[in-house]
Amino acid sequence: MFLRIMILVTFCFTLKTFALDDKDKAIITAKRAIELMNKGEFQESIDSLNVCIDLDDKNINYKYEKALAYTRLKRYQKSIDILTPLINEKDANDKFYQLLGNSYDNLSSRKAAFQVYKDGLQKFPSSGRLYQELGLNKLNDTNLKAAIDYWKQGIKANPEFGNNYYLIVINYQTKDSLLSLGSLLIAEEYINVSANPKRSKEISQLLINTFNKFFSYTNEEFDRYEKNSEFIMSDDREFINSFSSIIKKNVLGKRSNNKSFSYDFYSCRENILNEWNKKELNVKFQRKILEYFDLMRKNQVFEAYNFLLFNDQFPKEVNTWREQNIDKVKDFTSWLPKNIYSVFVKE
């Protein structure tokens, strides 16, 4: 958060020979307050933040941190009392609305929380975190369809915010804990925007589990899988049906006996994209992640992407491929920083 960054930047400049002013003292005290909060000493952190507020009452970040400490103590009404006037301050950002809404949610005042998130979006329409909270609010009301709709809107508003992708994927699985047809590509998108290695590994494993099942499925088994993939995102039904038919043709029973999983995965995805484009479904549906894969193919880095994607799960086979394809690895690592997916998706 801004406060934490300011502490790191300014702390070095406070240890001067001249007398510290109140703002400098507040920054030093805030550093201590955050250290206390990180250690779980929340009341002591609040006491230090009160000193900060006395020294620099105009800095609303100290008050935000105090509200945060109260939520850690589960004193949600105290947090609400602090944050309610703050959200109207010009320096308040979307995190203020998020924390205020969370405090209402934790008091089971979901309607009040929902309204706070909606009000926040009026001020911050590209806030991925507020769409995330709207979805979680609806999920708590057991309305998964509404939750997914909000998370999809969050992805559209802010493609760089990874949590909305993740929440769709985790909550939109089949009864067998496989990726559903409606979340397969969203899982791929998440892997390309995530800054959370642990979650990326989790979603990559789901992708492996799902394709492994596809490789072994008969047509009848895949049909049962389709029935277990609840088509919650009704606006995507036509796309899902088209995507399903191409997966059925190009993946089922395609696991070779003498090739690695990564090779078969890559080979099948090449075939999927070839047929997708041949049928001009790329024009009809215009899915950005598939366009991104096509861009990789045009730049001859798609093979490297597919192999390196599973480095954590299949280190030996990926390392063997690396040693045999040094130039392809170099080309991919050179291409990727200039073609980040979260930038591409906005174009």
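Here are some notes:
- Verdict on residue 188 being closer than 18 Å to residue 340 by Cβ, surrounded by fewer than 18 Cβ atoms within 10 Å (Cβ to Cβ) and either out of contact with any helix residue (DSSP H, G or I) (no Cβ under 9 Å at 6 or more places or on another chain) or not aromatic (Phe, Trp, Tyr) (or both): no
- Hits in region 310-327 - residues which are within 12 Å of residue 262 (Cβ to Cβ) and part of a helix (DSSP H, G or I): 315, 316, 317, 318, 319, 320, 321, 322
- Residue that is among the small types (Gly, Ala, Ser) and surrounded by fewer than 16 Cβ atoms within 10 Å (Cβ to Cβ), where the choices are 109, 126, 103: 126
- Count of region 262-309 residues which are charged (D, E, K, R), within 27 Å of the chain's Cα centre (by Cα) and not in a helix (DSSP H, G or I): 1
- Which numbered condition residue 312 misses (of (1) out of contact with any Lys or Arg (no Cβ under 8 Å at 6 or more places or on another chain); (2) surrounded by fewer than 16 Cβ atoms within 10 Å (Cβ to Cβ)): (1)
- Members of region 97-117 found to be of a type outside the set (Asp, Glu), part of a helix (DSSP H, G or I) and over 20 Å from the mean Cα position of the chain (by Cα), listed by number: 100, 103, 104, 106, 110, 111, 112, 113, 114, 115, 116
- Qualifying residue in region 75-95 (condition: within 30 Å of residue 343 (Cα to Cα), assigned to a helix (DSSP H, G or I) and either among the aliphatic types (A, V, I, L, M) or more than 18 Å from the chain's Cα centre (by Cα) (or both)): no
- Count of residues meeting criterion [among the polar types (S, T, N, Q) and within 19 Å of residue 306 (Cβ to Cβ)] in region 238-276: 8
- Taking first residues from region 233-246 that are closer than 8 Å to residue 285 by Cβ and of a type in the set (A, V, I, L, M, F, W, C) and partners that are modelled with pLDDT of 85 or more and not in a helix (DSSP H, G or I), the Cβ contacts under 8 Å between residues at least 6 apart in sequence or on separate chains come to 239/287.
- Here residue 176 passes the criteria (1) in a helix (DSSP H, G or I); (2) of a type outside the set (Ser, Thr, Tyr); (3) over 22 Å from residue 135 (Cα atoms) except the one numbered (1).
- Evaluation of residue 227 against (1) surrounded by fewer than 18 Cβ atoms within 10 Å (Cβ to Cβ); (2) not in a helix (DSSP H, G or I) (one fails), failing number: (2)
The values are calculated or read from the model by the stated rules, or taken from the named source; none is laboratory data. None of these values were measured; they are calculated from a predicted model. No Cβ is skipped: glycine too gets one built from the backbone with ideal geometry, and neighbour counts run over all protein chains shown.
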